[in-house]
1. Tell me, please, whether a residue that is modelled with pLDDT of 95 or more, aliphatic (A, V, I, L, M) and either buried (at least 19 other Cβ atoms within 10 Å of the Cβ) or within 16 Å of the chain's Cα centre (by Cα) (or both) can be found in the stretch 27-50.
2. Taking H98 as meeting all but one of (1) assigned to a helix (DSSP H, G or I); (2) free of Cβ contacts under 8 Å to residues at least 60 places away in the same chain, write down the number of the exception.
3. Out of contact with any strand residue (DSSP E or B) (no Cβ under 6 Å at 6 or more places or on another chain), at pLDDT below 90 and under 19 Å from G136 (Cβ atoms) - does that describe any residue in the stretch 86-104?
4. Given (1) of a type outside the set (S, T, N, Q); (2) closer than 21 Å to T4 by Cβ; (3) at pLDDT below 90, where does R112 come up short, assuming only one miss?
5. Checking the structure you have, find out if any residue of the stretch 54-68 is acidic (D, E) and modelled with pLDDT of 90 or more.
6. Scanning for something at pLDDT 95 or above, β-branched (V, I, T) and either more than 16 Å from the chain's Cα centre (by Cα) or under 22 Å from Q34 (Cβ atoms) (or both), does the stretch 131-145 turn up at least one residue?
7. L79 - would you say it is of a type outside the set (K, R), assigned to a helix (DSSP H, G or I), buried (at least 19 other Cβ atoms within 10 Å of the Cβ) and modelled with pLDDT of 95 or more?
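The values are calculated or read from the model by the stated rules, or taken from the named source; none is laboratory data. Please read all numbers here as calculations on a predicted model, not as lab measurements. All Cβ positions, glycine included, derive from the backbone under ideal geometry; neighbour counts span all protein chains shown.
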Amino acid sequence: MSETIQAIAKLTREDRRYHFDAYIFIFEALRFGQERLGMGTEHRAKRKRRKVKTSEGGESERVERHLSAQELCEAARQLALDQFGFMAKTVLNNWGIHATSDFGEMVFNLIRIGECSKTDEDRREDFDNVYDFDEGLCQAFRIEMSNDR
């Protein structure tokens, strides 16, 4: 079992608000935003458990793309719609995620245990009210009946 998986498993035992899969989803949303949506700004990052080995055998900093709270929330919304379609809100709710502020709680839990990093400007409150879950996750799947019968 990897160190990250163990750390998240321990976190979910200590803070039962969010399901293990919710934390995996956050990591997937980060990667989705960075790689598929091209979100984020480049910055130098030095992370305890994820240092890059150089060809000479040393360690160095690596460049990673940092997503803002708004970007991560949007990446999570798009990923949820891609993965779960009209069930996106139901799946996220089942994992304990009911609002964008829950993404912030999870991210800052991951920061606290050393599994995510933040800049000096990042605040937990930046995740509050980024979008309404009903509008952001359900509106695209409205079924309208035609009067042409």
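1. yes
2. (1)
3. Scanning the stretch 86-104, I find at least one residue that is out of contact with any strand residue (DSSP E or B) (no Cβ under 6 Å at 6 or more places or on another chain), at pLDDT below 90 and under 19 Å from G136 (Cβ atoms), so the answer is yes.
4. (3)
5. No, because not a single residue in the stretch 54-68 is acidic (D, E) and modelled with pLDDT of 90 or more.
6. So far as the stretch 131-145 goes, no, none of its residues is at pLDDT 95 or above, β-branched (V, I, T) and either more than 16 Å from the chain's Cα centre (by Cα) or under 22 Å from Q34 (Cβ atoms) (or both).
7. Here the answer is yes, as L79 does meet what is asked.
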